[in-house]
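Beneath this line is the structure, given in structure tokens, with notes to follow.
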Amino acid sequence: MARRQFLGGLAAGTGIAVGGLGYFAQPASAAEMLKKQKRMIVIRMAGGLSQLESWDPKPKTETGGPYRAIPTSVPGTHISELLPHTAKVMHHLSLVRSINTNNGDHGKGTYMMLTGRRRTPASEFPEIGATVAKGVDFGSSALPGHIKITASGSGNRGRDSAYLGPKYSSMSLNGGKPPANSARPSSLKDEAAERRTAFRMLANDQFALQRRTAETDAYVQSFAQAEELMAKKEIFDLSKEPKKDHDRYGDHAFGRHCLMARRLVENDIPFVQVSHSNYDTHNENFNFHHEQLGEFDRPFATLINDLVDRGLYEHTLVVVLSEFGRTPRINSRYGRDHWGKAWSVCMGGTGVQHGAVIGATNKGGTEVTDREVDCGHLFHTYLRAVGINSNKHFEIGGRRHPIADPAASPITELLA
Amino acid sequence: MKTDPKKVHTAKEFKCKAPLINGRFHPSGTSFFATAEDRTITRIDLADEKQTIYEGHESWVGGIEFTKDGGTLITSGFDDTLIWWPTTGDSPKPIRTAKAHDGWIRSLAVSPDGALLASAGNDRVVRLWKAADGSKVRELKGHKREVYSLLFHPSGEHLLSADLMGQVHQWEVATGKLVRSFDGKDLHTYNKGQDVDYGGVRSMAFNADQTQLICGGLHKGTNPLGAINEPLILRYDWENQEILKKHPAAGIRGVVWRNVFHPDGYIMAGSGGSSGGYLLFWKPDEEKPFHKFKLRDTVREMDLHPDGMQVGTVHWDRKVRINRLAAKEAKKK
């Protein structure tokens, strides 16, 4: 029995996860895992996507706004006319239209949707990217497992892995560009680099004999990740993708970032988050959703089709989320404000039903009328979909950390 | 009677059923047509204040125009559609409906001789139609972004179309040839942090002798998604395209939804935004407005009555306001 399979079985027997292993609902051999490794792509619609201009249109109502609903590839399911390409791949996707996070704060909403919990002063929880990277980590790669593609930013490691430690914190591809300093300076020759690495490892080993800690392990992991990243830096090089694919995804940042997401999951990166900005449309909501979703629609649908065509979709969960939705009430500036009481996310791929619509809102979209869920339910659902038993614990440094909020549960009818 | 903008006041209000979007006086001045977020058009007969509802569009109505004889109303919707309607009657029904564009139709214009109708919007194409029967005359292609406003030159020889990026194209109506373009980039903002294009030319007008063109919109869009921007009008020399003066309204957060040259020689605009609704007045040779009149609610459109004395404004609070450019009349005892 393979070590992972043994430990996984042990964990299943005791109900407690052991070390960094044993989180899978159905343990399998390393070879199987390599072939079928689960992956997750999150498209984060920063600022708060309007559910009424996307997944839950309410045409011809007081709150519906000017956009019409269009039929999709799923009979009976309609989405906004701003998403014509997405409508054609709706049979690969499902909608949850009944989210009530009861929150209208950007920071809190982002935290809730990425960690599955409400922020409390006493504790920090890892984001979904760190959790998935940890949960599907089978030790074959030292590459970062948690990558965020942002339009701008520092390009540094994120502080989003909480107790899971720096190995699972996000690495940011600023502007979709390869990680900073991933090429060795030309003045440093191979032989010198190898001697330098050998000396560093010797020093590390001697130090570890006496004073090994979680922190020293983190340093060692960071160096290992950096070395593997330098060795495999081509996976971040979008110029390796054919021109026709660049054309299909579109000549703009979000198109390139979606293509990068495809490239990364194809290269076994377990978690990729792509941000699309900005949907915080207090003013001229309809013009700005026309502009932003006009950019989102085609590359997103292209990504879904490509994942399907390449056999990746059956192993990859794709989620389109936001920190909250937008008010059904249209304000005096044609804007919509923050709204956490009745809104939607879209998901598809591994582990979830396709073509399903979970929950409903009332005629004006002001309240959830069926199957109310919150961030905790969604977090459990994502983890179950990628094969992680969300009812288990991570055991880190002698402490047991529930992987997901024990007070919540997955949306079982959405799971495949 | 000469107007006195500093004495402007709201003389009358009409409450409609939904927040309003656009509004125009009938060429006769006897009625006012307002479009609303419930997809309807309301005709308000000004003499008896009777309201008549026009229903037929599948989405909000952005454009309102009239045939030269005033007998037909033409509206454009965010449903890709043009509809011809009678301007009178108790239960008006569409006379003709035409799918004219792919996406929102944002603006309409009727040629001075009444023969042609121009339409444009999100598909970036300007289309010319025979106003009488809706048959297509030609398409004008060249805009790289959404077209926000249209205006025929009073000679009828040229059509202007203006877009989100502040580009104003001058087309030869007879041939469809692009003659030249005006650069109104001051009316466009790209906000890198929010990654949005914002602004555009929301309105255009000629002065009485057709020597000057004004283009209105916004500038200082430091937070487009949060409505932090100020109104701005650019005034061009029609002949040499030079910007003669920029007319901002510092301190007001809003956008110029409509601007006109008043026959009495000043520039007037209806502005709405996070500062509320204003009627703004500039002397052509002055940068700063000489008068700002705050309305009770944000303005979404404005139109000048044929008498030059009344100004119709439409508002989010569902009201049409008729404002007079003169001192209040003394109440009769």
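The values are calculated or read from the model by the stated rules, or taken from the named source; none is laboratory data. From a predicted model like this one, the values you see are computed outputs, not experimental measurements. Here Cβ is always computed from backbone atoms with ideal geometry, including for glycine, and neighbour counts include all displayed protein chains.
Being in contact with an Asp or Glu (Cβ under 8 Å, 6 or more places away or on another chain) and acidic (D, E) is the filter; apply it to the stretch B:136-162 and report the residue that is farthest from B:R180 (Cα to Cα).
B:E146
Pick from the stretch A:124-166 the residues that are modelled with pLDDT of 85 or more and out of contact with any strand residue (DSSP E or B) (no Cβ under 9 Å at 6 or more places or on another chain): which of them is surrounded by the fewest Cβ atoms within 10 Å (Cβ to Cβ)?
A:R159
Which residues, taken from the stretch A:51-106, are of a type outside the set (V, I, T), over 27 Å from the mean Cα position of the chain (by Cα), within 14 Å of another protein chain (Cβ to nearest Cβ) and part of a loop (DSSP other than H, G, I, E, B)?
The answer is A:K58, A:P59, A:K60, A:E62, A:G64, A:G65, A:P66, A:Y67, A:R68.
Residues are listed down the side, and each one gets a yes or a no for (1) among the hydrophobic types (A, V, I, L, M, F, W, C); (2) within 14 Å of chain B (Cβ to nearest Cβ); (3) over 28 Å from A:K232 (Cβ atoms):
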position: A:R256; (1), (2), (3): no, yes, no
position: A:A261; (1), (2), (3): yes, no, no
position: A:F271; (1), (2), (3): yes, no, no
position: A:S277; (1), (2), (3): no, yes, yes
position: A:T281; (1), (2), (3): no, yes, yes
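List the strands (runs of 3 or more DSSP E) inside the stretch A:304-416, counting only whole elements, that have at least 3 residues being of a type in the set (A, V, I, L, M, F, W, C).
Here the list reads A:316-321, A:343-349.
Of all residues in the stretch A:294-322, which are more than 18 Å from the chain's Cα centre (by Cα) and within 12 Å of chain B (Cβ to nearest Cβ)?
Those that are more than 18 Å from the chain's Cα centre (by Cα) and within 12 Å of chain B (Cβ to nearest Cβ): A:G294, A:E295.
Of the residues that sit in the stretch B:195-224 and are β-branched (V, I, T) and assigned to a strand (DSSP E or B), which one is nearest to the other protein chains (Cβ to nearest Cβ)?
Among them, the one singled out is B:V196.
Inside the stretch B:232-333, counting only strands (runs of 3 or more DSSP E) that do not spill past its ends, which hold 1 or more residues that are surrounded by fewer than 17 Cβ atoms within 10 Å (Cβ to Cβ)?
B:243-248, B:291-294
So if I check each of A:D205, A:D268, A:D251, A:D190, which one is in contact (Cβ under 8 Å) with a residue 12 or more places away in the chain, out of contact with any His (no Cβ under 7 Å at 6 or more places or on another chain) and among the charged types (D, E, K, R)?
Checking each option against the conditions leaves just A:D268.
Mind checking which residues of the stretch A:267-296 are modelled with pLDDT of 95 or more, surrounded by fewer than 24 Cβ atoms within 10 Å (Cβ to Cβ) and more than 30 Å from B:E37 (Cα to Cα)?
Hit for the stretch A:267-296 is A:S275, nothing else.
Would you point out which residue out of B:K17, B:K6 is within 14 Å of chain A (Cβ to nearest Cβ), touching a residue at least 60 places away in the same chain (Cβ under 8 Å), over 17 Å from B:M302 (Cβ atoms) and not in a strand (DSSP E or B)?
Step by step, each of B:K17, B:K6 is checked, and only B:K17 is within 14 Å of chain A (Cβ to nearest Cβ), touching a residue at least 60 places away in the same chain (Cβ under 8 Å), over 17 Å from B:M302 (Cβ atoms) and not in a strand (DSSP E or B).
Which of the numbered conditions does A:H85 fail, given that it passes all the others? Conditions: (1) more than 25 Å from A:L264 (Cβ to Cβ); (2) at pLDDT 95 or above.
The one condition A:H85 does not meet is (1).
Taking the stretch A:113-130 on its own, how many of its residues are closer than 15 Å to A:V274 by Cα and small (G, A, S)?
Final tally of qualifying residues: 2.
Output the number of residues of the stretch B:75-93 satisfying the condition of being out of contact with any Leu (no Cβ under 6 Å at 6 or more places or on another chain) and either assigned to a strand (DSSP E or B) or charged (D, E, K, R) (or both).
11
Just for the stretch B:86-110: of the residues that are over 18 Å from B:L151 (Cα atoms) and basic (K, R), which one is surrounded by the fewest Cβ atoms within 10 Å (Cβ to Cβ)?
Only one residue fits best here, namely B:K99.
For A:G349, which of the numbered conditions (1) within 11 Å of chain B (Cβ to nearest Cβ); (2) on the phi > 0 side of the Ramachandran plot; (3) in contact with a Ser or Thr (Cβ under 7 Å, 6 or more places away or on another chain) fails to hold?
Evaluating A:G349 over (1) within 11 Å of chain B (Cβ to nearest Cβ); (2) on the phi > 0 side of the Ramachandran plot; (3) in contact with a Ser or Thr (Cβ under 7 Å, 6 or more places away or on another chain) leaves (1) as the failure.
Which count do you get for residues in the stretch B:166-189 that are within 14 Å of chain A (Cβ to nearest Cβ) and out of contact with any Gly (no Cβ under 9 Å at 6 or more places or on another chain)?
Total satisfying the criteria: 0.
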